[in-house]
Amino acid sequence: MTTAACCVIAAVIPIWTVIAAPELERLGALALAKPPAPLVALAGHDRVERAVVVARGAPVTALRNDPPGLRVHAVASGETLLSIAATYGITPQTLAYNNGIKDTSELRLGQSVVIPPIDAAIHVVRDGETLAGIATSFGADPDTVRTVNSVAFEPADVTVGRVLLIPMPEGRYPGFRLVVSDAPRVFAPRIRWPTDGIVTQLFSGVHTGIDIAAPYGSAVFASDSGTVTEVGWRGSGGLSVCVLLDWGLEVCDYHLSATNVELGERVVVGQRIASVGSSGVSTGPHVHWEARTNGVLVDPMTYAPTGPTVLRVGGATGSP
C-alpha cells in the first residue's frame, strides 16, 4: 500500500508544478519587488530651506605672459662690440658682461654672442638660490625681477637651471669693468656740456679743445653715456677724466680738482664724474674739454648743444 501511494504522489507532483508555475512566478515577483517609496506631503510652512552658494564673480582665466626671449647674433665683418650694442639698443657693458668679454678687442668675426632684450644680466638659477637673493646680489629690485620674468609662484617658478633676466637699466654690473681698446665708428649727435660756465677759448690749431671757466669745485658731468677710459694725472693737463661714449666719441675733461669715477666704470649722461679745478698748467678754475674720434682730435663744438653755457672768447684760462 505504501509503495502504491508513493508512486501516485511522484506522478502528481510534476503535473501540479506545471499547472501552478504561472502563479509561483507571480508570487516570486511580488516577494522580490522593492517596496514603493512612501509619499510624504510637505506643507508650505514646513518646507526645509536649502543653502544657496552665490559666486562673487564670473571665473576668469588669466594667461601669463612669457618672459622676454634671448637672441643670438653672429659677428659680421666690420662690426664692433659698440656697434652691435647700438643695433640692439643695449649698452656695450650689457653685451660684454653676458658674453664673458672684458676687452672690446676680444670680439671675433663669426663669433656668436647672446643678446638680451633689455639691459639685463642673464642669470642661470643655481641650487639653493632664491629670486630675492639673486636680485640683491645685482642690486636690483626683486619685484621688478619677478615682473620681467613673469614669476607668479615661488619657488615653483624659480627652479634650478631656469634663466632669469636681472634688469640693469644703466648697464652697470657689480665688479665688472669693460676695457675699450678698439676704434668705433662715429656719427655726430649732440651731447651736453661738461659744466655750466663761460667758454673762454675755442678749438684751434694751437688749442686742442675748449676752455670753460666755472667756479672752483662745481660739478663736471658726463656728456653722454659711456665707459671711463682714463682717470688720473696727465702732465700739464693736471687731473683728468676721459669717457668713451657708447657711439664712439671720446671726451676728456682736464684741470680737475677731484674725480668721482674709476677706470672702466659705466657712466650715464648727466652723472657727476668730477669737480672743476685748476690743476696742471692753468691760470684759473676751468675745464679744458677735448674730443677725439678714432684717436684724432676734433672740435667739441661740433657736438655741443646750444646753451646754457655762455660763449665769451678771449679770457685765457691756461692750457692742458
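With respect to (1) open to solvent by 30 Å² or more (accessible area, probe 1.4 Å); (2) in contact (Cβ under 8 Å) with a residue 24 or more places away in the chain; (3) among the aliphatic types (A, V, I, L, M), the lone exception for residue 219 is condition (1). Being of a type in the set (Gly, Ala, Ser) and touching a Leu at 6+ places or on another chain (Cβ under 6 Å), is that true of even one residue in segment 213-225? No - not one qualifying residue is present in segment 213-225. Being buried (at least 21 other Cβ atoms within 10 Å of the Cβ) and not hydrophobic (A, V, I, L, M, F, W, C) is a property that residue 232 lacks. Looking only at segment 115-137, how many residues end up being open to solvent by 50 Å² or more (accessible area, probe 1.4 Å) and more than 14 Å from residue 164 (Cβ to Cβ)? Residues in segment 115-137 being open to solvent by 50 Å² or more (accessible area, probe 1.4 Å) and more than 14 Å from residue 164 (Cβ to Cβ): 2 in total.
Considering only segment 265-272, I want to know if a residue exists there that is in a strand (DSSP E or B), at pLDDT 90 or above and either touching a helix residue (DSSP H, G or I) at 6+ places or on another chain (Cβ under 7 Å) or not basic (Lys, Arg) (or both). Within segment 265-272, one or more residues are in a strand (DSSP E or B), at pLDDT 90 or above and either touching a helix residue (DSSP H, G or I) at 6+ places or on another chain (Cβ under 7 Å) or not basic (Lys, Arg) (or both).
Of the candidates 269, 261, 231, the single residue that is without any contact (Cβ under 8 Å) to a residue 60 or more places away in the chain, closer than 18 Å to residue 170 by Cβ and out of contact with any His (no Cβ under 9 Å at 6 or more places or on another chain) is 261. Among the residues of segment 266-287, those identified as of a type outside the set (S, T, N, Q) and closer than 11 Å to residue 225 by Cα are 266, 267, 268, 269, 270. Among the residues making up segment 232-241, those that are among the hydrophobic types (A, V, I, L, M, F, W, C) and either farther than 30 Å from residue 95 by Cα or at pLDDT below 95 (or both) are 233, 239.
Tell me, please, whether a residue that is touching a strand residue (DSSP E or B) at 6+ places or on another chain (Cβ under 6 Å), open to solvent by 30 Å² or more (accessible area, probe 1.4 Å) and more than 28 Å from residue 94 (Cβ to Cβ) can be found in segment 292-302. No, segment 292-302 has no match at all.
Taking segment 197-250, which residues are in a loop (DSSP other than H, G, I, E, B), closer than 19 Å to residue 275 by Cβ and touching a Ser or Thr at 6+ places or on another chain (Cβ under 8 Å)?
Of all residues in segment 197-250, those in a loop (DSSP other than H, G, I, E, B) come to 197, 202-209, 214-218, 222-225, 234, 238, 246-249.
Filter once more, keeping what is closer than 19 Å to residue 275 by Cβ: 197, 209, 214-218, 222-223, 234, 238.
Passing the criteria: 197, 214, 216, 217, 218, 234, 238.
Of the candidates 224, 196, 157, the single residue that is open to solvent by less than 50 Å² (accessible area, probe 1.4 Å), farther than 25 Å from residue 96 by Cβ and not β-branched (Val, Ile, Thr) is 157. Output the residue which, of all residues in segment 138-151 that are of a type outside the set (Val, Ile, Thr) and out of contact with any strand residue (DSSP E or B) (no Cβ under 7 Å at 6 or more places or on another chain), is most open to solvent (accessible area, probe 1.4 Å). Applying the filter and picking the extreme gives 143.
Quick one: how many residues across segment 124-137 are among the hydroxyl-bearing types (Ser, Thr, Tyr) and touching a strand residue (DSSP E or B) at 6+ places or on another chain (Cβ under 9 Å)? Even if it seems obvious, please write down each step before you answer.
So the first thing to find is which residues in segment 124-137 are among the hydroxyl-bearing types (Ser, Thr, Tyr), and the list is 130, 136-137.
Pick out the ones that are also touching a strand residue (DSSP E or B) at 6+ places or on another chain (Cβ under 9 Å) and you get 137.
Matching residues across segment 124-137 total 1.
Take the conditions more than 28 Å from residue 171 (Cβ to Cβ) and small (Gly, Ala, Ser) and apply them to residue 226. Does it pass? It is false that residue 226 is more than 28 Å from residue 171 (Cβ to Cβ) and small (Gly, Ala, Ser). If only residues of segment 199-216 that are of a type in the set (A, V, I, L, M) and open to solvent by 40 Å² or more (accessible area, probe 1.4 Å) are counted, the one that is farthest from residue 172 (Cα to Cα) is 206.
The values are calculated or read from the model by the stated rules, or taken from the named source; none is laboratory data. Keep in mind that this is a model prediction, so the values were computed, not measured. Please note: Cβ atoms are built from the backbone with ideal geometry, for glycine as well, and neighbour counts cover all protein chains shown. SASA here: full protein model, heavy atoms, side chains in, ligands and nucleic acids out. Shrake-Rupley method; radii C 1.70, N 1.55, O 1.52, S 1.80 Å.
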